[in-house]
Ligand code: HAM
């Protein structure tokens, strides 16, 4: 029987993170954490598996019937690998609703699973920064959340004109669908899906989708007119609509704060998830090579209440690591990573193992990140290995140095080296690496 070897490829749509990629990922996540913590958000996490019903209740058909990884566990419970974090967040907040100081400002960077066709910006496993503010029903919460979203990109060095926040409101759209266009409840999701695709397709293809959704010529004309109207022109028809009022207040605030130029009303932004009840938004890259939605979010006022307790309103967003890395790469602002190991302590021969280990321990106690050679090998090979790992400095000692209480420090980039007393090694290296 022929033995077929196992593939070294990761499962389709997932990534291995080798040390050099892990360093970039860590640098990106550190920057994200620093940005959201500067607004007072606290980290939380939850389990990767949740009961299937948690998503079936609210996440929406696309995620549940097409993208969920779900299975029956050995105890015959139907479970799902989390495709998003918001239901877990809502469950956690509901479980402690009486004890939490309001508003609740929480963030997390979970890995999420969605059975999608892998393509640019879309994988089956991704990491998603979630930033959420719960306990406030007014647009001041959205004003903060959108500022956080903007400052996340600014924190990496993005310019204010590199991206745009496009904003809409579900209640305004409900009024358009139900009052202005008088769509039936079966037509609404079809028309919403067509609008969602509008930016990516030709006007004729958009019209075809509307016809397929059962729209008449007048409805199509009215919808097209609505979709190109600036917010202020909607006042005559929608002046009393709570969504219209929220949007006006939101824009008044962001204009006053100086973020008006980054924010734009776009009535084509709907977002796929069913639980949004108010403002919805997407952040778009404006670079011609990467014109696409980077991340998005919105208000969900009915999610926490589904656990039977208090109905706590919330607003937040999810930012995926894949689209973020594409954005940073396109704009040339991926974080620069520095070596993760400061020093390699070499080994001249087996008799000097213990002394070399003592020196390595001393350096670690002084706060340095130190790797060491454990079995003797040619010195050239030791230098090569250290250099391959990006380690800038090698510390060596042979029998003569050992006897005289000395040590040699070699700079691997320049090849220069210096011999000094072992007692001076810590301050010498600390100074060098500072
Ligand atoms: P979402 O729009 O489904 O929202 O995902 C948010 C972001 O996650 C997307 O804009 C994208 O950056 C990233 N993302 C989603 N799916 C994938 C994928 N298959 N591959 C790579 N990246 C992906 C939510 O998940 C909401 N729960 C966000 C939220 C938090 N709303 C309120 N709070």
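The values are calculated or read from the model by the stated rules, or taken from the named source; none is laboratory data. In this text the structure is predicted, and so the values were computed from the model without any measurement. Glycine also receives a Cβ, built like all others from the backbone with ideal geometry; neighbour counts cover every protein chain displayed.
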Checklist entry - residue 323 passes all but one of (1) near the ligand (Cβ under 10 Å from one of its atoms); (2) assigned to a strand (DSSP E or B); (3) under 19 Å from residue 200 (Cα atoms); which number fails? => result (2)
Checklist outcome for this item: Taking the range 275-288 and the residues there that are part of a strand (DSSP E or B) and under 19 Å from the mean Cα position of the chain (by Cα), the one that is farthest from residue 262 (Cα to Cα) would be 280
Checklist entry - Which of the residues spanning the range 3-28 are assigned to a helix (DSSP H, G or I) and surrounded by 14 or more Cβ atoms within 10 Å (Cβ to Cβ)? => result 23, 24, 25, 26, 27, 28
Checklist outcome for this item: If you go through 139, 148, the only one that is modelled with pLDDT of 95 or more, crowded, with 18+ Cβ neighbours inside 10 Å and more than 15 Å from the ligand (Cβ to nearest atom) is 139
Item to check | Filtered residues of the range 289-309 (kept if away from the ligand (no atom under 11 Å from the Cβ) and either surrounded by 21 or more Cβ atoms within 10 Å (Cβ to Cβ) or under 22 Å from the mean Cα position of the chain (by Cα) (or both)) | outcome: 289, 290, 291, 304
Checklist entry - Of the residues that make up the range 357-370, is at least one under 37 Å from the mean Cα position of the chain (by Cα), at pLDDT below 95, surrounded by fewer than 15 Cβ atoms within 10 Å (Cβ to Cβ) and over 30 Å from residue 58 (Cα atoms)? => result no
Checklist outcome for this item: Scanning the range 310-320 residue by residue, the ones that are over 21 Å from residue 42 (Cβ atoms) and more than 6 Å from the ligand (Cβ to nearest atom) total 1
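Given the options 335, 339, name the one that is surrounded by fewer than 16 Cβ atoms within 10 Å (Cβ to Cβ), away from the ligand (no atom under 16 Å from the Cβ) and assigned to a loop (DSSP other than H, G, I, E, B).
Criteria check complete, one pass: 339.
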Item to check | Residue in the range 260-275 that is farthest from residue 139 (Cα to Cα), counting only those that are at pLDDT 95 or above and either within 10 Å of the ligand (Cβ to nearest atom) or out of contact with any strand residue (DSSP E or B) (no Cβ under 8 Å at 6 or more places or on another chain) (or both) | outcome: 261
Checklist entry - Could you list, in sequence order, the residues of the range 402-429 that are over 18 Å from residue 372 (Cα atoms) and assigned to a helix (DSSP H, G or I)? => result 403, 404, 423, 424, 427, 428
